Each structure stands twice: as C-alpha cells, then as structure tokens.
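Participant: Got a structure for you, questions after.
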Amino acid sequence: MSERASQAIHAWAQALSQPMDVERFGAAMGPNGQVRRHGWGTRIDSVVEILDGLETITAWAQGANRHSVFVIESLQAEDDGTHFRARYRVEILNFLNRGWWRFSLDELGRIDVLWHRADALQDPAMRVATVPED
C-alpha cells in the first residue's frame, strides 16, 4: 500500500471532520483537485456533481455538519496501480453511515481526483424491529 495514499486520504478525512480549518484541505488535495459526488437513491451509481479546484471544494465543505467525524476503515490499491479505494465511516451525533472514496494522487502525493459515494441510507420505516427473547 502506498504511504502517500494513506497520508492523503487520512488528511482528507481530517479536513472533512474539521471543515472550518481550511488549511487542512490543502494538505489533502492539490489546488486543481476535483471531487465527483455520487447521488442518492436511484442515482447512487451516477456522478451528479463535480467540484473543481480547491477553493470550490473548500467552500462546499463549509456547508458540512460541524459535528461530522469521518474515519477511514480500510484502504486498498486498485489493480491499475494509480487509483485507491478507501472505505469510510461518518458519524454525526446519533447518525451513522458509510461509503467509499476512490481517488488518485498528483505528483506531490495529494489527492488529484476523488469520487465520493455514500452507502444507501436505510429507510427507518423499512427496518424490522427485533424483540429480545426471554
């Protein structure tokens, strides 16, 4: 596993967890970086928004919940040798979800392009309540 990839994606998770500290984004992503965000529901496998450049990405992140905590659960290199895939967990107070980031690095080891795809959220009405057995 690339140490540079690990450092970059951990820096990205830290930046998202502290979005008001805009300096952190520059440690994770180059000035010409790009984030490609996937949609929700039926559009979960489609890129629905592209954020170009560190300034745009940093401005977007300012809208994040200030209580968000992103944690990297796993990281692996893809077979092509230039892309990496990280499994993340996000916790916001009593909310929990997971997803993945696929990314590549620039020549300085910062994120160049990052695909952001959250896991599908389970509709609370569809959850099956379990009753403990006596």
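The values are calculated or read from the model by the stated rules, or taken from the named source; none is laboratory data. Predicted, not measured: the structure shown is a model, and the values here were computed from it. Cβ atoms come from the backbone with ideal geometry, glycine included; neighbour counts cover every protein chain shown. The protein model used for the area step is the full one, side chains on, heavy atoms only, and it has no ligands, DNA or RNA in it. Shrake-Rupley method; radii C 1.70, N 1.55, O 1.52, S 1.80 Å.
Participant: I'd like the residue in the stretch 24-65 that is over 13 Å from the mean Cα position of the chain (by Cα) and within 17 Å of Gly109 (Cβ to Cβ) and, out of all such residues, is most open to solvent (accessible area, probe 1.4 Å).
Facilitator: My answer is Asn32.
Participant: Which pairs do you get when a residue that is in contact (Cβ under 8 Å) with a residue 60 or more places away in the chain, found in the stretch 7-22, comes within reach of a residue that is open to solvent by 10 Å² or more (accessible area, probe 1.4 Å) and of a type in the set (Val, Ile, Thr), reach meaning Cβ atoms under 7 angstrom, with the pair 6+ apart or on two chains?
Facilitator: Hits for this filter: Ile9/Ile72; His10/Ile72; Ala13/Val71; Ala13/Ile72.
Participant: Residue by residue through the stretch 67-119, note down the ones that are farther than 15 Å from Ala13 by Cβ and β-branched (Val, Ile, Thr).
Facilitator: Thr82, Val113
Participant: Take the conditions more than 23 Å from Gln14 (Cβ to Cβ) and of a type outside the set (Gly, Ala, Ser) and apply them to Trp40. Does it pass?
Facilitator: So Trp40 passes the test.
Participant: Considering only residues of the stretch 86-105 that are touching an Asp or Glu at 6+ places or on another chain (Cβ under 6 Å) and of a type in the set (D, E, K, R), which is least open to solvent (accessible area, probe 1.4 Å)?
Facilitator: Among those that are touching an Asp or Glu at 6+ places or on another chain (Cβ under 6 Å) and of a type in the set (D, E, K, R), it is Arg89.
Participant: While we're here: So, in the stretch 1-53, exactly how many residues are in a helix (DSSP H, G or I) and out of contact with any strand residue (DSSP E or B) (no Cβ under 9 Å at 6 or more places or on another chain)?
Facilitator: 9
Participant: State which residue is nearest to Asp106 (Cα to Cα) when the search covers only the stretch 12-23 and only residues that are open to solvent by 20 Å² or more (accessible area, probe 1.4 Å) and among the hydrophobic types (A, V, I, L, M, F, W, C).
Facilitator: Val22
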